[in-house]
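Below: the structure, in structure tokens.
The values are calculated or read from the model by the stated rules, or taken from the named source; none is laboratory data. Just so it is clear, the structure is predicted and the values come from calculations on it, not from any experiment. Methodologically, a virtual Cβ is constructed for each residue, glycine included, from the backbone with ideal geometry; neighbour enumeration extends over all protein chains shown.
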Amino acid sequence: MRMYDLIEKKKRGESLSQPEIQFLVDGYVEEKIPDYQMAAMLMAICFQGMDRRETAWLTLAMEHSGEVVDLSSLDGPTVDKHSTGGVGDKTTLIAAPLAAACGAVVAKMSGRGLGHTGGTIDKLESIPGFRTALSREEFFQVVRKTGLSVIGQTGNLVPADKKMYALRDVTATVDCIPLIASSVMSKKLAAGSQAILLDVKTGSGAFMKTPEEAAKLAEEMVAIGCAAGRRTGALITDMDVPLGRMVGNALEVQEAAQVLQGRGPADLTEVCIALAADMLVLCGLAEPEAEGSETAEPEAAWGKRAEAVSPRRSGVALVRQALADGSGLERLKAMVQAQGGDPQALEHPQRLPQASCRYTVLAPADGYVTHMDTEGIGIASMLLGAGRSRKEDALDYGAGIELRKKTGEPVRAGEPLAVLYAGKERLFPEAEKKLLASYAFGPEPPSLRKHVLARVTEKGITWR
Ligand code: URA
């Protein structure tokens, strides 16, 4: 087999066979296929696409390009969650402990932020003492003790994706659905959970700008997961507006803890309840909600293991109970303690890193916030030191933005629009300019989107 012929074949729009896909993944990882040939193949895939079978073969070849994690020795149903990324997206810090409090086992590997989107590992590392680099043995110990552990990607997991993603990043081949789907799903499959819930974001702060594009990506990923024998589902959720009011690492940890104490922002709380409930449904611990209905008459699920929880209970009811009785917060505190962090910091945010400087941005006009360019808000936060423009950039954990006004809210000229936090005053002018350019104002309130737009299962998509 020659890579040249495979590039030619894909360029003509033909499907590649399973052995051909295996050849190109193995050859690239073993450095027998050079970057320039792989780049040509990736670009041909961007133009010609891949069918479902090709995408599934690519995912499996990538999954098995390195180590895979075996979670089968853990006691209880394992479930993973993945977000396609956004601004203010601290859902893992909330949904994962809620699901764990209801009996799910969440042994999760997460990533760091890059560009305008944040990363769970950076948020967790803002908690004093918290360790995200655990050995495999320590990771399993924490999961056995608390039902929950979140660590950075370790070892030689999916080396094919590491190489291919770096190449895609510099060859304008990131925004291609089969390549995104295989990249995400190869990592989720290798991480070993039996059930996988995907949170596919859509809107001005997301990769997928329209709900239709998000639906395509979600359907592709759900099909791959199910074909690989994992119970896989997706929610399509809104990222046209930042989630919650806090953007920035320690600020987001503080807001996540507020949600787990039942006093968080409504949009973030609603999305996290939906995510945690679907995690429970996918791992067999709860019944799905009838579309459009919500039940709320639960009894405590704290501490119960899989077999002890009735599978006929509604996921939303179980999760609401874990919020109300504080068991979700207790799970997060237990994980933080087990990974070396200060659990008190969750209820006493003054123990989290604080920015030394703050600056209030004032609204320039009367009216309503009619739109937010959420990517722009993420970039403003990055300019303050909360994110990285290059992988090697250092973070300021206390930096970020508190959004006082969001889309749909009324505003008066001169009122606080947002508070900026940074380590140096000189970072404020550029961030303020970017932030103000990301807001639009008008005389009428805009129509607002739902926070959870659709659910995708192997049977298809249900819009809400
Ligand atoms: N996130 C990933 O892990 N892979 C992609 O290709 C895009 C986003």
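Selection over the range 120-142 of residues that are crowded, with 21+ Cβ neighbours inside 10 Å and touching a helix residue (DSSP H, G or I) at 6+ places or on another chain (Cβ under 9 Å) gives a count of 10.
Quick check: is even one residue across the range 143-152 among the basic types (Lys, Arg) and within 13 Å of the ligand (Cβ to nearest atom)?
No, the range 143-152 has no match at all.
For the range 81-94, the count of residues that are among the aliphatic types (A, V, I, L, M), within 12 Å of the ligand (Cβ to nearest atom) and assigned by TED's automatic domain parsing to the domain that holds Ala234 is zero. Checking Gly233 against (1) of a type outside the set (D, E, K, R); (2) within 14 Å of the ligand (Cβ to nearest atom); (3) modelled with pLDDT of 95 or more: exactly one of these is not met. Which one? For Gly233, the failing item is (2).
Restricting attention to the range 134-168, the residues being touching a Gly at 6+ places or on another chain (Cβ under 6 Å) and part of a loop (DSSP other than H, G, I, E, B) number 2. Is it the case, given these coordinates, that Leu217 is among the aliphatic types (A, V, I, L, M), in the same structural domain as Arg131 (by TED's automatic domain parsing) and within 12 Å of the ligand (Cβ to nearest atom)? In short, yes.
Name the residue, out of Gly460, Gly414, that is surrounded by fewer than 19 Cβ atoms within 10 Å (Cβ to Cβ), closer than 30 Å to Lys216 by Cα and either in contact with a helix residue (DSSP H, G or I) (Cβ under 6 Å, 6 or more places away or on another chain) or not polar (S, T, N, Q) (or both).
One residue alone meets the criteria, Gly460.
Scanning the range 322-341 for residues that are in contact with a Phe, Trp or Tyr (Cβ under 8 Å, 6 or more places away or on another chain) and either surrounded by fewer than 20 Cβ atoms within 10 Å (Cβ to Cβ) or in a helix (DSSP H, G or I) (or both) yields Ala322, Asp325, Ser327, Glu330, Val336, Gly340. Scanning the range 357-409 for residues that are of a type in the set (Ser, Thr, Tyr), under 26 Å from the mean Cα position of the chain (by Cα) and closer than 16 Å to Gly423 by Cβ returns Ser381, Tyr397.
Across the range 265-283, the number of residues qualifying as without any contact (Cβ under 8 Å) to a residue 40 or more places away in the chain and not in a helix (DSSP H, G or I) comes to 1. Scanning the range 156-184 for residues that are within 11 Å of the ligand (Cβ to nearest atom) and of a type in the set (S, T, N, Q) returns Thr173, Ser182, Ser183. Considering the range 185-195, the residues that are farther than 12 Å from Met109 by Cα and within 13 Å of the ligand (Cβ to nearest atom) include one that is farthest from the chain's Cα centre (by Cα), namely Ser186.
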